[in-house]
Structures are given as structure tokens and as C-alpha cells.
Amino acid sequence: MKKIFFQKKRIFFKFYYLILFTFICFNGISQEINYKSQCLYLYVFSKNIYWPNDHLKENFVIGVYGNSPIFEELEIMASIKKAANGKKIIIKQFFSSDKIEDVDILYISSSKSRDLKKILNIIENKPILIVAERDGLAKKGASINFIIMEDDTLKFEVNRSVMEKLNLEISDGLLKHGFEVG
């Protein structure tokens with residue numbers, strides 16, 4: 001059943017990949033464009049990472065931990081886009097790790113990356129995709145972290161073992177655009 005789902009969505013998602021990588025390659029990475037690119041990646045993650053059925057809710061919630069320009073970009077994106085299965089995207093911002101709850105994706109801003117271990121303890125084994133802005137955090141327990149390559153393109157690292165532990169499944173098509181770390 002999953003294979004059929006992936007095959008049907010392949011063409012649809014190739015369109016998103018084309019837009020994403022065209023945007024990144026032709027615009028370079030400035031501070032503002034970097035957050036737009038990260039926002040677009042988060043949108044692609046919402047469509048190409050699969051949560052367990054018992055975790056599925058009416059809305060798809062993306063949380064931002066800390067103060068980051070990505071929050072405004074995500075609000076714009078959420079006002080015009082839908083997550084997988086036509087779900088409405090809700091954006092929440094958290095300034096205290098104790099307040100984090102009810103999210104599908106949690107984006108950790110660079111300024112809050114030191115709190116990763118505390119966040120991992122708080123969410124325990126809940127199927128929450130942790131996406132870190134800072135390089136190297138996937139090796140320390142985040143599901144995904146962004147990296148900027150030498151040619152200024154934005155890429156991401158994936159810790160597949162963390163994702164499997166949380167019962168999150170990444171599509172092979174998306175995985176091809178990132179780097180696996182362990």
C-alpha cells in the first residue's frame with residue numbers, strides 16, 4: 001500500500017523539488033533567502049515524511065522554538081499552502097522548552113540549539129520531527145538539521161535511526177536530496 005502511495009505522489013513531489021532547488025540555486029543564500037528556503041524545505045518535509053496513523057490530527061502543526069525570522073515565513077506559507085492530505089498548517093512559537101506541546105514538526109532556532117537535549121527529554125518518544133537550524137545537531141539527536149554547502153546551497157542532514165525510533169518514515173525521493181548521518 002505504501003509503495004502505491006509513493007508512486008502516485010512521485011510526480012507531484014518532483015514539481016515541489018524542482019521549485020525548491022531552482023529557488024535555492026538561482027537566488028543564492030542570503031540571510032533572508034535562507035529562511036525562505038528553510039521554510040520551503042519544512043513544507044516539503046510535511047508532505048514527504050509520514051507520521052504514524054495514531055498521531056494524525058485534524059491540523060498539521062509546525063512549532064518554532066526560539067526567536068527566528070523563519071516564524072514569519074512559515075506564517076505566510078501556512079496562509080497559502082496545505083500539508084499532506086489537505087490539512088491546514090498551524091504555526092506556533094515557543095520561547096520555553098516546557099511549553100512545547102502538540103506539534104508535528106519542531107524547528108529549533110540556532111539561538112536555542114543548546115537546549116536540544118532538554119527538548120529530547122521533554123518530547124520523549126513522541127513522533128515529532130525535530131528540525132534544527134544549526135549544523136551537526138542531527139548527530140546529537142535531532143531528526144534533521146540544515147547545512148549550507150561550500151557553494152552556498154542549502155541542504156539537510158537526516159538521522160534516520162532517530163526517525164525510525166520515533167516511527168517517522170521519510171520518502172526515498174526526499175532522502176536522495178539530503179545526507180544521512182548517524
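The values are calculated or read from the model by the stated rules, or taken from the named source; none is laboratory data. Quick caveat: nothing in here was measured; it's all calculated off a predicted structure. Note that each Cβ is placed from the backbone with ideal geometry, even for glycine, and that neighbours are counted across all protein chains shown.
Among the residues of the range 76-86, the one identified as over 14 Å from Phe45 (Cα atoms) and either touching a strand residue (DSSP E or B) at 6+ places or on another chain (Cβ under 7 Å) or at pLDDT below 95 (or both) is Gly86. Count of the range 74-90 residues, restricted to those that are surrounded by 21 or more Cβ atoms within 10 Å (Cβ to Cβ) and either in a strand (DSSP E or B) or among the charged types (D, E, K, R) (or both), is 1.
Look through the range 141-182, keep the residues that are under 17 Å from Lys126 (Cα atoms) and among the basic types (Lys, Arg), and return whichever of them is farthest from the chain's Cα centre (by Cα).
Only one residue fits best here, namely Lys165.
Among the residues of the range 146-169, is any modelled with pLDDT of 95 or more, touching a Phe, Trp or Tyr at 6+ places or on another chain (Cβ under 7 Å), farther than 22 Å from Asn34 by Cα and charged (D, E, K, R)? Yes; the residues of the range 146-169 include at least one that is modelled with pLDDT of 95 or more, touching a Phe, Trp or Tyr at 6+ places or on another chain (Cβ under 7 Å), farther than 22 Å from Asn34 by Cα and charged (D, E, K, R). Taking the criterion of being in a helix (DSSP H, G or I) and under 19 Å from Val158 (Cβ atoms), the residues of the range 38-54 that qualify are Gln38, Cys39, Leu40, Tyr41, Leu42, Tyr43, Val44, Phe45, Ser46, Lys47, Asn48.
Asn125 passes every criterion in (1) modelled with pLDDT under 95; (2) closer than 20 Å to Cys39 by Cα; (3) of a type in the set (S, T, N, Q) apart from (2). The condition of being assigned to a strand (DSSP E or B) and either surrounded by 19 or more Cβ atoms within 10 Å (Cβ to Cβ) or more than 15 Å from the chain's Cα centre (by Cα) (or both) does not hold for Ile122.
Taking the range 125-155, which residues are of a type outside the set (Gly, Ala, Ser), surrounded by 20 or more Cβ atoms within 10 Å (Cβ to Cβ) and in a strand (DSSP E or B)? Those that are of a type outside the set (Gly, Ala, Ser), surrounded by 20 or more Cβ atoms within 10 Å (Cβ to Cβ) and in a strand (DSSP E or B): Leu129, Ile130, Val131, Ile144, Asn145, Phe146, Leu154.
Contact annotation: residue pairs with Cβ atoms under 6 Å, 6 or more positions apart or on different chains, pairing a residue in the range 40-69 that is of a type in the set (Lys, Arg) with a partner that is not in a strand (DSSP E or B), are Lys47/Ala84. Quick one: would you say Leu106 is surrounded by fewer than 20 Cβ atoms within 10 Å (Cβ to Cβ) and not in a loop (DSSP other than H, G, I, E, B)? Here the answer is no, as Leu106 does not meet what is asked.
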